[in-house]
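Colleague: Before I ask anything, let me first share the structure, which is written out below as structure tokens.
Derivation of every value follows stated rules applied to the coordinates shown; laboratory data play no part. These figures come from a predicted structure and were not determined experimentally. Don't worry about glycine lacking a Cβ; one is built from the backbone with ideal geometry, like all the others, and counts go over all protein chains shown.
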Amino acid sequence: MRQSVIFQRGLLYFQPAPPHTKGMVQEFVFAFLFGGWGYVGLELLWRGRSHWTMFLAGGLCFSFIYALSTRTALPLPLQCALSALMITAVEFLVGCVVNLALRWNVWDYSGLRYHLLGQICLPYSALWLMLSCPALLLARLIHNHLFPHLR
């Protein structure tokens with residue numbers, strides 16, 4: 001049986017790992033892959049092209065959305081706002097690396113109003129806010145129907 005180590009009050013305690021740890025890892029791997037392919041699919045529909053780094057960004061974003069939806073009791077409007085902020089932050093960080101540092105020029109929002117370094121812009125942040133609600137509800141649906149044993 002796997003054990004976890006807890007450091008508390010200067011002492012180490014060993015506790016058995018929860019029996020569903022393996023299932024939780026599978027759940028989040030599924031969420032990452034689903035988000036990666038989902039985001040690439042959205043980009044193909046919207047722009048007609050995508051980039052492999054968008055798979056990673058989409059997977060990371062949907063994993064966060066999945067955790068927010070299934071592991072917190074926050075109200076849905078707050079979850080939507082947090083999701084949009086997180087997606088915008090991931091887009092900015094990935095953009096700074098991929099577009100500014102590596103100069104791969106995957107996207108450029110500098111032609112849009114209210115942009116920051118051409119990597120994020122207010123219109124797309126508003127779009128992420130609108131798409132966050134269905135994404136959060138989809139995450140709950142996935143959790144309840146594909147991973148009911150982890151509820």
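Colleague: If you line up the Cα atoms of region 20-150 on their principal axes, what length do they span on each, largest first, in Å?
Modeller: That gives 47, 28, 25 Å along the principal axes, largest extent first.
Colleague: Considering amide H positions built from the backbone, and no H for Pro or chain starts, which residues 5 or more places from SER50, or on another chain, come under 5 Å of its amide H?
Modeller: The answer is none.
Colleague: ASP108's amide H: which non-local residues (gap 5+, or another chain) put their own amide H closer than 5 Å, with H modeled 1.01 Å from N in plane and none for Pro or chain starts?
Modeller: none
Colleague: Kindly state, to the nearest 0.05, the FRET efficiency for ALA89 paired with TYR114, given R0 = 22 Å and r defined as their beta-carbon distance.
Modeller: So, using R0 = 22 Å, E works out to roughly 0.85.
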